[in-house]
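To start, the structure itself, in structure tokens.
Just so you know, all these numbers are worked out from the coordinates, no wet-lab data involved. Keep in mind it's a predicted model, so treat the numbers as computed, not measured. Backbone-built Cβ (ideal geometry, glycine too); neighbour counts: all protein chains shown.
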Amino acid sequence: MVMATVKKILLVIAAFLLGTLILDRVLNLVLESFYEQCLVGQTGGKINYYLKKAKQPDVLIMGDSRAYYMLNPDSFKGKSGFNISHAGMDQCFQNGLMSILIHQKKMPAHVLLHIEPDFFMTSSQDKIISKGIQQLKFYYGTDPVVTEFLDELGPFESLKYQFKSYRFNGRVINTALNYFSTKVNPEATGNGFIPRPVTKLDSLHTEFTARNYPDGPMYFNTSATRYLLQFIRIAKENNIQVECFTSPVYYKRNIDFYKPACEYLDSLFSANQIKYIDYGRTNTSDARIRDPHFWEDSEHLNGAGAAIFSRQVASDFGY
């Protein structure tokens, strides 16, 4: 009687596990099909568009929202460009994305990388484990850099990805929405640049959002440097020329506060012969950039301001 009961329990468990496995695989096939057809959106669609539709440019712009909304590659006169920046994404994400593009043979020989000095300044000196790489979890198991950084997020990450559909955890709705948006407007991504619309309230909003310097002690976190160092190393190994910039801000940066990060960046780029312009520390030659009417908020230029800044960057870097 006991053996029969145990056998039934084991059969139920086996059936449950088999059913879960089948459901996982079926769900993964459906979501993967939707995802691979997405050509818009920042949860994979923009990357798909670049991989499938965009002609490989001379220069690839990489960075966060302060590159995404502020640098139009159409301003480049002597070179073609594509802006593959993603809002809110840090250096760890850029490393994973570059690795993906290299393996897909879509990485051009020239990268213009946006740098945020803030990334190196933290309220503690604890090791930084970036979660931005989760934006690329579709590539878990197929790209070594993405897989490495995702596994760092926790001791059980590799077990979670045994379920294929886990790659879409938290993004099912976005995948569906981007799929249908693609069907409506499949060419929406263009050159990757999306300007912020100009409104009558821009100057007021900009003045209101001009933030003060961070309160409390902040430290230069050396653990954050590994991502940038890895990016430079991978670029060198693949004969990719890297140039870097930091977009301006409307408020005046506290130079003393960012001094450790700025000194590190200046030293690193100088040692590696990488051109770097920090527009947050040096004024652009066009004084209009300091006019709040050209800003959407204190950290993002609107479309009119982006046009001015894009021409400045193109001129400064010889594009």
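For Arg290 and Arg25 in the same chain, what is the full-extension length gain: residue separation times 0.36 nm, less their Cα-Cα distance, in nm?
Working: separation 265, 0.36 × 265 = 95.40 nm, distance 5.39 nm.
Taking 0.36 nm per residue and subtracting the Cα distance, the gain is 90.0 nm.
Once you charge only the Cβ atoms, +1 for Lys and Arg and -1 for Asp and Glu, what is the size of the charge dipole of the chain about its Cα centre, to the nearest 20 debye?
Details: 34 positive and 31 negative charges, 202 e Å.
So the dipole magnitude of the chain works out to roughly 960 debye.
From the residues Ile100, Ile13, Tyr49, which one has its Cα farthest along the dipole of the chain in the positive direction, the dipole being from +1 and -1 charges on Cβ of Lys/Arg and Asp/Glu about the Cα centre?
Ile13
Go through [x] 1.04; [y] 1.11; [z] 0.96 and flag the label whose value is the computed Rg/Rh (Cα atoms, Kirkwood Rh) for this structure.
Correct label, based on the coordinates given: [x].
Between Leu201 and Asn272, what is the label-point separation in nm under the 7 Å Cα-to-beta-carbon projection?
For the pair Asn272/Leu201, the computed spacing is 4.1 nm.
Could the peptides 292-301, 50-59 be put in order, highest first, of the mean number of other beta-carbon atoms found within 10 Å of their residues? The partial results should precede the final answer.
Working: 292-301: 21.0, 50-59: 16.0.
Highest to lowest by the protection proxy: 292-301, 50-59.
For the pairs Lys53/Lys127; Lys127/Lys164; Lys55/Lys183, note any where the Cα-Cα span goes beyond 27 Å.
On the way: Lys53/Lys127 38 Å; Lys127/Lys164 29 Å; Lys55/Lys183 21 Å.
Exceeds cut-off: Lys53/Lys127; Lys127/Lys164.
Would you compute, from DSSP H runs of 4+ residues alone, the mean residue ellipticity of the chain at 222 nm, taking -39500 (n - 2.57) per run and dividing by the full residue count, rounded to the nearest 500?
Details: 11 runs with 138 residues, N = 319.
It comes out at -13500 deg cm²/dmol, rounded to the nearest 500.
Projected onto the charge dipole of the range 114-215 (+1 at Lys/Arg Cβ, -1 at Asp/Glu Cβ, origin at the Cα centre), which of Met121, Asn191, Ser203 gives the Cα projection farthest towards the positive end?
Asn191
Going toward the positive end of the dipole of the range 266-314, with +1 on Lys and Arg Cβ and -1 on Asp and Glu Cβ, which of Gly303, Ser267, Gly280 do you reach last?
Ser267
For Ile128, which sequence-distant residues (separation of 5 or more, or a different chain) have an amide H within less than 5 Å of its own amide H, given hydrogens modelled in the peptide plane?
Ser223, Ala224
Using the membrane-span-like helix rule (whole DSSP H runs, Cα extent along the own axis of at least 30 Å, mean Kyte-Doolittle hydropathy at least -0.5), which helices of the chain qualify? Walk me through the numbers on the way to the answer.
Numbers: long enough: 2-37 (53 Å, 1.33).
Span-like helices, by this rule, are 2-37.
Highest first, please rank the peptides 307-318, 146-157 by the mean number of other Cβ atoms sitting within 10 Å of their residues.
Details: 307-318: 18.2, 146-157: 16.7.
Most protected by this proxy first, the peptides run 307-318, 146-157.
Report the label-to-label distance for Lys259 and Ala176 in nanometres (one decimal), using points 7 Å from each Cα along the Cα→Cβ vector.
Placing both labels 7 Å beyond Cα along the Cβ direction yields 5.5 nm.
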